[in-house]
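**Student:** I have a structure here, written as structure tokens, and I will follow up with some questions on it.
Throughout, read-outs are computed from the coordinates displayed, never taken from laboratory work. This one's a predicted model, so the numbers in the text were calculated from it and none came from an experiment. All Cβ positions, even for glycine, are placed from backbone atoms using ideal geometry, and neighbour counts span all protein chains on display.
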Amino acid sequence: MALVKAGVVVLDCAEPEKLAAFYRELLEGEQTDASANLVEIRGADGVRLAFRRDVNATPPSWPRPENSLQVHLDFLVEDLDAAERRVVALGGRPVDTKDAAGPYERRGYADPAGHSFTLRLLPARAPKQG
């Protein structure tokens, strides 16, 4: 039997309720736990994220070179344009949305609290033969 049952990525932020709502809507998920200082959600595909209150939280400065990228999230999507419209409608902002050529197209964004994440196009797969 596995000792660790699940992993949860936790993002520090000043307003966990608001940030949890952003990701809950983006991932079409549900809130699974909440306390005065922590809100946890589970996305429709099972990804688990939590948001911990830190009144002194400051947004990461990526992609500025003076502050390296410490952590970010990748979300796989089937339609980059539609996903981008949803991110912006929910309060996120584009950071690096130039399409990369090739099968691994990706675009960078920041959530309303400034955490970076990437939307990555699911690679097309040929149907199985025989």
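**Student:** Determine, for each peptide in 44-51, 77-84, 15-22, the mean count of other beta carbons within 10 angstrom over its residues, then list the peptides with the highest first.
**Tutor:** Details: 44-51: 16.1, 77-84: 14.5, 15-22: 19.0.
Listed from highest to lowest mean packing, they are 15-22, 44-51, 77-84.
**Student:** Taking amide hydrogens as modeled 1.01 Å from N in the peptide plane, which residues meet the under 5 Å criterion relative to V10, leaving out close sequence neighbours?
**Tutor:** Here the answer is A50, since their amide H atoms fall under 5 Å of that of V10.
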